[in-house]
Amino acid sequence: MQIQDKKFELYLSEQEILNSIEEVAERINTDYKGEEVVFVGVLNGAFMFAADLMKSIKLTCEISFVKVTSYKGTSSTGKVHELIGLSTDIKDKHVVILEDIVDTGLTLSKLYSMVDHNAPKSVEVATLLYKPEAFKGKYPPKYYGIKIPNKFIVGYGLDYLEFGRNSREIYKIIE
Ligand code: IMP
């Protein structure tokens, strides 16, 4: 697949993605059994993951979205900007942040402070993809679907220059 100046090859099929989301949902359902949860999806990248995950969540829950940005092209700018803040009341509630991918972990730190500021009962992170080699943060995500090497990918919500988000599969860059 070609997006702008870069070529990509198939990396994760739709079925692999959906199976791993099912496993993440099962773990969350077990861990929060009998509790109420507020899920906070991170736009734009996590919109597909959030939609598919929520279909398998059996808890009493709310979902809300925030929008942050740190990437430009194929690498992080090192600065995270908050574009849409949190509008849901999360005071004394269990919060699970939904990310498409945790890379350096910079976005995650920003999200933790955005959420923590509002005095929740607890905060955890669920991400579809996790690049452990690139991670520089303090707290790795508690829930993740698939660990991947430090390669740039697109599809299933993830973009290259805003393109490629609409793909059902995930593609890896050909270098
Ligand atoms: P971090 O702050 O470095 O952890 O990056 C997190 C954000 O960067 C994600 O929510 C994505 O939007 C974006 N990102 C990180 N890696 C990739 C990738 O391989 N492809 C597309 N976007 C990515």
Positions within the stretch 131-175 being within 14 Å of the chain's Cα centre (by Cα) and either among the acidic types (Asp, Glu) or on the phi > 0 side of the Ramachandran plot (or both), in sequence order: Gly155, Tyr156, Gly157, Asp159
Filter result for Val66 (crowded, with 16+ Cβ neighbours inside 10 Å, β-branched (Val, Ile, Thr) and at pLDDT 90 or above): yes
Residue identified as touching a Lys or Arg at 6+ places or on another chain (Cβ under 9 Å) and more than 22 Å from Leu12 (Cα to Cα) among Lys131, Lys91, Lys136: Lys91
Thr104 β-branched (Val, Ile, Thr), within 16 Å of the ligand (Cβ to nearest atom) and in a loop (DSSP other than H, G, I, E, B): yes
Qualifying residues in the stretch 116-161 (those that are free of Cβ contacts under 8 Å to residues at least 24 places away in the same chain and within 25 Å of Ser87 (Cα to Cα)) - the one farthest from the ligand (Cβ to nearest atom): His117
Test result for Val80, within 23 Å of Pro132 (Cβ to Cβ), within 10 Å of the ligand (Cβ to nearest atom), outside any helix (DSSP H, G or I) and of a type in the set (A, V, I, L, M, F, W, C): yes
Residue list for the stretch 26-60, restricted to those being in a helix (DSSP H, G or I) and either closer than 24 Å to Met114 by Cα or touching a residue at least 40 places away in the same chain (Cβ under 8 Å) (or both): Arg27, Ile28, Asp31, Phe47, Met48, Phe49, Ala50, Ala51, Leu53, Met54
Unique match (being under 14 Å from the mean Cα position of the chain (by Cα), buried (at least 22 other Cβ atoms within 10 Å of the Cβ) and either small (Gly, Ala, Ser) or assigned to a strand (DSSP E or B) (or both)) among Leu111, Leu128: Leu128
Qualifying position, being of a type in the set (Phe, Trp, Tyr), modelled with pLDDT of 95 or more, in a strand (DSSP E or B) and closer than 27 Å to Ile3 by Cβ, among Tyr71, Tyr171: Tyr171
Qualifying positions in the stretch 131-147 - surrounded by 15 or more Cβ atoms within 10 Å (Cβ to Cβ), in contact with a helix residue (DSSP H, G or I) (Cβ under 8 Å, 6 or more places away or on another chain) and not small (Gly, Ala, Ser): Pro141, Tyr143, Tyr144, Ile146
Criterion violated by Gly164 - all others in (1) more than 8 Å from the ligand (Cβ to nearest atom); (2) within 27 Å of Ser113 (Cα to Cα) satisfied: (2)
The one condition in (1) in a helix (DSSP H, G or I); (2) within 25 Å of Asn166 (Cβ to Cβ); (3) modelled with pLDDT under 95 that Asn19 fails to fulfil: (3)
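The values are calculated or read from the model by the stated rules, or taken from the named source; none is laboratory data. The shown structure was predicted, so the numbers you read here are calculated from the model rather than taken from an experiment. Note: ideal-geometry Cβ built from the backbone for every residue, glycine included; neighbour counts use all protein chains shown.
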